[in-house]
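A short worksheet on the structure shown next.
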Amino acid sequence: MPKLLREDGPHGRPKWVFIGTYDERHIPKTAHFVWDPGIRRWWTDNIDFAASLADYADEAVKSDLCRADKSRALTSDFNPPSPPGCEYMPFQRAGIEYCLSTRSGNALIGDEMGLGKSIEALGVINCLPDLHTVLIVCPASVRGHWAREAAKWLIRPHLIHVWHAPDKITPTYGPDLQVHIINWELISRRLDTLLALAPDILVADEVHYAKTPKAARTKAFTALVKEAKRALALSGTPIKNRPIELWPVIHALDPQGWPNWFWFVNRYCAGHEKVIGYDRLLHEKRTALDVRGASNLDQLQQQLRKTLMIRRRKVDVLTEMPPVRRAVIELDAAQYATELAAEQTVLSKSKASVRDLRARLEAVSDNHAATEYKQAALELSKGINAAFTDLSRVRHETALAKAPDVVAFCDEALAEDQVDKLLLFHHHHDVGALLAEGLSKYGVVTLTGETPQGARQAVIDAFQTDEKVRVFCGSILAAGQGITLTAASTVVFAELDWVPANLCQAESRAHRIGQENAVMVYHLLVANSIDAEMARRVVEKQEIIDAALDDITSDLTLKPFEVLDIQPTRDEVFEFTHQERAAIHAALRKLSAESDPLNPTDTGFARAHAQIGHTLAIQEPFDSRACAVGVRVARLYAGRLEHNHGTLIEAAYQRWRASHEQHEHEGATR
C-alpha cells in the first residue's frame, strides 16, 4: 500500500516522501516528485506537489496539506460565541476557526482591507474563556476604534485601558478581562511594563509596522510574541514592497514553520551575492547577500497559507459589493510646460550623475584599492541622495501647480451632484491646504499628521454623518489606515505615494464593509511627469504583492529594483510643519553664531555638530532632509535655546523619531 509521509528536511523545512513499489513509481513521477538514489525514495518539498497525493497520506498529514485550502474558506459551520445583537459573517466564522487551529497557536489574518479583521480577532478572544489579559498594538489613529469594537464584541465583562505617552499602567487582577490598547510608537519605550502584564494574547494590528528587523518596535514586537501565549497579527497589506518584509513577522509568529532566514531569502527573495568592497588583507572581494528581489511567489503564498496565514479577497467574500474601479485622468501636459521642463532637466541630470558614479564604482571594484573603492561608494551614496532630493522638490512644485486643476475636477463632480461626497488624498501639507481652501464651499474636513489624536474621531464622524460635509481631505499616510469613510464612494488622489500598499490602504477607507455603492478611484496625473513614471513603478510593485498573497497564473521571478527607481529617503517622506521647520532653522543659525568654526570645542560644541550646524544654517531651501539632520543636532543644545524653541524642537524630534521607524529603508536586510 503506497504511503505519503512528512519528514523534516534541511534547515528544518518539511519535505514529503512517497513510499511505494517499483511498479507504483508512476504515481510520484506524475506528481513531479524527485528520486533520491541515496535513500532510494521519491520526495518533494513543494506543498502543491505533495497535496496532489494527499489520498495516500494519513489523516494528520492530509489535514496538514489541506490547510492551504482552509485559508481561503468563505464559510464555516463553526459557531463562535458573540454578544446579543452581533453576528459574524460566514467568512469571519471561517477565519476564527482557522486562527484557533494553527500548529503554533499564532496566526496572520491577511484578509483584504475592509473585511473586518478586528472582529475576527475579537471573535478568537471570545472563544478562549481562560484569557485574562489582552494586549492590542495598533496605529495611534485607531486606538479609539479598537476600544469601541472591543466594547461592542467582547462577551465577557471587561476593562479597557487605552495607553497614551505618559501613562504608567500596572498589571491589574480580578474577574474581568483586561484589555490594553497601545500604539506601535510606544511599545519599545514601555516594553518592560508590557512584558510585566504577561499577556495571554497579543493582537498586532497593521503588523507591517514590524517589517524592519533592526527597528526598536520590531524587536519589541518579537519580545511580546514570545511572552504571550497566543498572538494574532493583522494586516491587509503584510507585504508593502517585497517578500523580505514578511520575515520578521512570520519568524516571530511561527519559528518552527519559518526557522531559517537564509533558506527564506534564497527561495523567495531571489537572494544573490553582490560585491561591496575589497579586503586588502585577504586579497579578495567582500560580498553581501542582496535580498531585495522576489522569486517562487506562488510557493511562498502556499506555504504561508499552510502554516499561519488566512487571506480572503473582497471580490470573493462580498459578492454583493462591486469591485473597485480605477481611472487615470491625465491633465494636459501643455499647461505644465514649465514644471515638466524642470522635472525632465532634474531627471536627466540625476540619471546621468548616478550612472557615471555607478560606473566609477564598478571600475574600481576589481582592483585592490580599498580606499578608492570606499570613496567611490561614498560619492555614489551622496549622488543618489542628491538625486532624490531634487526629484522630490520638482514633484512638489508640480503638485502645487496642478492643485487648481484637481480642485476644478472635484468641483465639477460635486456641483453637478455626480457624487454626494468624496475622499481627496494628498502627500504635502501645503498641497492639501490649497485643495481644502478651493473646495471649502462644499464643507471640508481635514485629517493630516498635524491633526491632534483626540480630534481625529470627530473629523471622521462629521464626514460620515453630516450631510453638509461633502469633502474629506487627508494625507495618504495619516488618513489612509484604520478608519472607515464609507459615506463616500469616490476617491481622488491628487498625489502619489512611493509604496503601492499605502494607496490601497487609502482607497480601502471607502471600499469596505458598510459600503453600498461601487467605489470609483481617480488618479490625477500630468502626462509625461515623474508621477506618471511613478504610477508604472507602483504597478510593478503591486504585481509582486499580489503574486505573494493572492493566486497567480504564472511564475513571477523579479530582479532587485534598480536604485534609481525614484524611491525617496526616509527623511524625505516625513513632513515637518512650517512652524517646526522655521524653529529648527532659527536654532541652527543661533547655535552657529555662538560656535567657533575653527575651535568649536572651546565654545562647548562637538566638532562634527559645529560643522553640520554651520552648513545647514546657511542652506536654502531648508528641505525635509536638512530638517531631519538639523533637529537631531539642535535638540542636543536645547539649553542654549529659548524655552519655546526648545520645546517645539523636542516635539518635532519625537514625531520624526516615531516616523523614522515606520519608514525604515525599503531595502533593509537582516
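Structure summary
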item: Phi to ³J(HN,Hα) by Karplus 6.51 cos²θ - 1.76 cosθ + 1.60 over the stretch 241-248, Hz, x for Gly, Pro; result: 9, 8, x, 4, 5, 6, 4, x
item: Accessible area expressed per residue, the stretch 411-474, with surrounding protein chains retained (probe 1.4 Å, Å²); result: 46
item: In Hz, Karplus ³J(HN,Hα) per residue of the stretch 127-134 (6.51, -1.76, 1.60; θ = phi - 60°; x = Gly, Pro); result: 8, 10, x, 8, 5, 10, 10, 10
item: Cut-off 10 Å between beta-carbons: net charge of the residues surrounding L232, Lys and Arg +1, Asp and Glu -1; result: 0
item: Rel. contact order, % - alpha carbon contacts under 8 angstrom, at least six apart, the stretch 451-535; result: 28
item: Cα Rg over Rh - the stretch 1-133, Kirkwood; result: 1.12
item: Integer Hz, Karplus 6.51/-1.76/1.60 couplings in order for the stretch 99-108, x for Gly and Pro; result: 4, 7, 10, 5, 5, 7, x, 10, 8, 10
item: Reachable lysines, given that their alpha-carbon falls under 24 Å from the alpha-carbon of K441 and they are not under 8 places away in the same chain; result: K402, K421, K468
item: Other-chain or far-sequence residues with amide H under 5 Å of L108's (modelled H); result: A233, M309, I310
item: Cross-link partners of K211 among lysines (Cα-Cα below 25 Å; sequence separation of 8 or more within a chain); result: K117, K219, K226, K229, K240, K274, K306, K314, K541, K559
item: Alpha carbon Rg of the stretch 83-199, scaled by the compact-globule rule 2.2 N^0.38 Å; result: 1.07
item: Sequence-distant residues sharing a close amide H with V162 (under 5 Å, placed H); result: I181
item: Prolate/oblate/rounded call for the stretch 387-453, Cα gyration tensor, a/c under 1.5 rounded; result: oblate
item: Radius, Kirkwood style, for the stretch 214-355 when every pair of distinct Cα atoms is counted (Å); result: 20.0
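The values are calculated or read from the model by the stated rules, or taken from the named source; none is laboratory data. Here the structure is a predicted model, which means the values were calculated and not measured. Positions of Cβ are generated from backbone atoms using ideal geometry, with glycine treated the same way; all protein chains shown enter the neighbour counts. Side chains included, ligands, DNA and RNA excluded: accessible areas come from the protein's heavy atoms. Shrake-Rupley method; radii C 1.70, N 1.55, O 1.52, S 1.80 Å.
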